[in-house]
Amino acid sequence: MKVIFFILFLCIYIFTVLGNLMILVIINMDPVLHTPMYFFLRNLSFLEICISVTLPRVLVSLLSTDTSITFAGCAAQMYFFLLFGATECCLLAAMAYGCYQAICNPLHYTDIMNKKVCMQLAASSCICGNLVAFGHTTFIFSLPFCASDVINHFFCEIQPGLMLLCGDTYRNELQIILAAAFVILMPFLLILVSYGLIISSVLKTGSAKKRYKAFSTCFSHLTVVILFYEMAVFIYIRPKSSYSLDVDKVLSLFYSAVTPILNPVI
């Protein structure tokens, strides 16, 4: 089965990279698309390429009999995966704010969502993602591993890593869940507030054509949000006692490989 999985994952990775690169190239080449919405879309495409950072290592493992990874390599893999995932959480919230301004304040949209504000929102998302990734990775890899040196997963994830820690990890688990809840649920709450205001504003519009145009503007973003957040919430915001490693591996594969390839299609 290794050859079949290698071909499958290789195709997924190639299409993910090429599809999102195509979006980046098109936006950069067309001056008409140099708007706040496409600025965030460009950043999102870049993150979708980066969030599949685990796949190259998976491809190497499928071709080799040696599936080991160094301690430092495992820490680096976890850090970058969390960095890009947490950054995307915050960026999706920034995009929801942009949709809100575009629909609810169309006459002042370009003034409110100017280049400086867009850059600040993107930079803030990156800083938040870096803090989350650094905190989680440092926290886990500074504790002693004694249960085993085998990670029951195809990459270095938080939950399988927790299972290798010595002693009672209840506090560690609780801190990680709370931090994950903050970085996942806070942006999601901002998205819900933005869409609540959007729906309220659109329903006050008398024209059915305007309503359709407003909702179609948000549909793509909302689709990405649903795909991204339902996986993130289910994987990270639950107690260790409810883990099912086989289920988690399938969900992590969807989260790290399938979702990025869907972005260009959406």
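The values are calculated or read from the model by the stated rules, or taken from the named source; none is laboratory data. None of the values given here were measured: they were computed from a predicted structure. Cβ coordinates were reconstructed from backbone atoms using ideal geometry, including for glycine residues, and neighbour counts include every protein chain displayed. Keep in mind that these areas ignore ligands, DNA and RNA; they rest on the heavy atoms of the full protein, side chains included. Shrake-Rupley method; radii C 1.70, N 1.55, O 1.52, S 1.80 Å.
Among the residues of the range 201-230, how many are of a type in the set (Ser, Thr, Tyr), open to solvent by less than 80 Å² (accessible area, probe 1.4 Å) and over 30 Å from Leu83 (Cβ atoms)? First the steps, then the outcome.
Taking the range 201-230 as the starting set, the residues that turn out to be of a type in the set (Ser, Thr, Tyr) are 201, 205, 207, 212, 216-217, 220, 223, 229.
Now narrow it down to the ones that are open to solvent by less than 80 Å² (accessible area, probe 1.4 Å): 201, 205, 207, 216-217, 220, 223, 229.
When the remaining residues are screened for being over 30 Å from Leu83 (Cβ atoms), the result is 201, 205, 207, 216.
Qualifying residue count for the region: 4.
Residues satisfying the criterion are present in the range 31-53 (criterion: within 18 Å of the chain's Cα centre (by Cα), polar (S, T, N, Q) and not in a helix (DSSP H, G or I)). Count of the range 13-49 residues, restricted to those that are surrounded by fewer than 18 Cβ atoms within 10 Å (Cβ to Cβ) and under 18 Å from Leu251 (Cα atoms), is 0. The residues of the range 52-96 that are closer than 13 Å to Glu157 by Cα and touching a His at 6+ places or on another chain (Cβ under 9 Å), listed by number, are Met78, Tyr79, Leu82.
Evaluated against (1) in contact (Cβ under 8 Å) with a residue 60 or more places away in the chain; (2) of a type in the set (Val, Ile, Thr); (3) more than 26 Å from Pro144 (Cβ to Cβ), Thr54 falls short on exactly one condition, (3). Mind checking which pairs have a first residue in the range 245-265 that is within 17 Å of Leu44 (Cα to Cα) and a second that is open to solvent by less than 10 Å² (accessible area, probe 1.4 Å) and not in a helix (DSSP H, G or I), Cβ under 7 Å, 6 or more apart or different chains? Once the first residue is within 17 Å of Leu44 (Cα to Cα) and sits in the range 245-265, its partners that are open to solvent by less than 10 Å² (accessible area, probe 1.4 Å) and not in a helix (DSSP H, G or I) give Ser256/Ser52; Ser256/Thr54; Ala257/Ser52; Pro260/Ser52. Within the range 4-11, identify whether any single residue is open to solvent by less than 90 Å² (accessible area, probe 1.4 Å), touching a residue at least 24 places away in the same chain (Cβ under 8 Å) and under 22 Å from Gly98 (Cα atoms), and answer yes or no. Scanning the range 4-11, I find no residue that is open to solvent by less than 90 Å² (accessible area, probe 1.4 Å), touching a residue at least 24 places away in the same chain (Cβ under 8 Å) and under 22 Å from Gly98 (Cα atoms), so the answer is no. When Val183 is tested against (1) touching a Ser or Thr at 6+ places or on another chain (Cβ under 8 Å); (2) at pLDDT below 80, exactly one condition is not met: (1). Whether a residue is of a type in the set (Gly, Ala, Ser), modelled with pLDDT of 80 or more, over 12 Å from the mean Cα position of the chain (by Cα) and not in a loop (DSSP other than H, G, I, E, B) was assessed, and Ser241 does not pass this test. Can you pull out every residue in the range 110-140 that is crowded, with 18+ Cβ neighbours inside 10 Å and more than 20 Å from the chain's Cα centre (by Cα)? Within the range 110-140, Met113, Ile140 qualify.
Residues that are at pLDDT below 85 and open to solvent by 60 Å² or more (accessible area, probe 1.4 Å) were ranked within the range 244-266; the one that is nearest to Ile198 (Cα to Cα) is Phe254. Count of the range 66-109 residues, restricted to those that are of a type in the set (Ser, Thr, Tyr) and either open to solvent by less than 20 Å² (accessible area, probe 1.4 Å) or in contact (Cβ under 8 Å) with a residue 24 or more places away in the chain (or both), is 5.
Would you confirm whether any residue within the range 189-200 is at pLDDT below 80, loosely packed, with under 14 Cβ neighbours inside 10 Å, touching a helix residue (DSSP H, G or I) at 6+ places or on another chain (Cβ under 9 Å) and hydroxyl-bearing (Ser, Thr, Tyr)? Give the steps one after another, and end with the answer.
Taking the range 189-200 as the starting set, the residues that turn out to be at pLDDT below 80 are none.
No, the range 189-200 has no match at all.
If you go through the range 201-209 one residue at a time, do you hit one that is in a helix (DSSP H, G or I) and either in contact (Cβ under 8 Å) with a residue 60 or more places away in the chain or touching a helix residue (DSSP H, G or I) at 6+ places or on another chain (Cβ under 7 Å) (or both)? Yes: the range 201-209 contains one or more residues that are in a helix (DSSP H, G or I) and either in contact (Cβ under 8 Å) with a residue 60 or more places away in the chain or touching a helix residue (DSSP H, G or I) at 6+ places or on another chain (Cβ under 7 Å) (or both).
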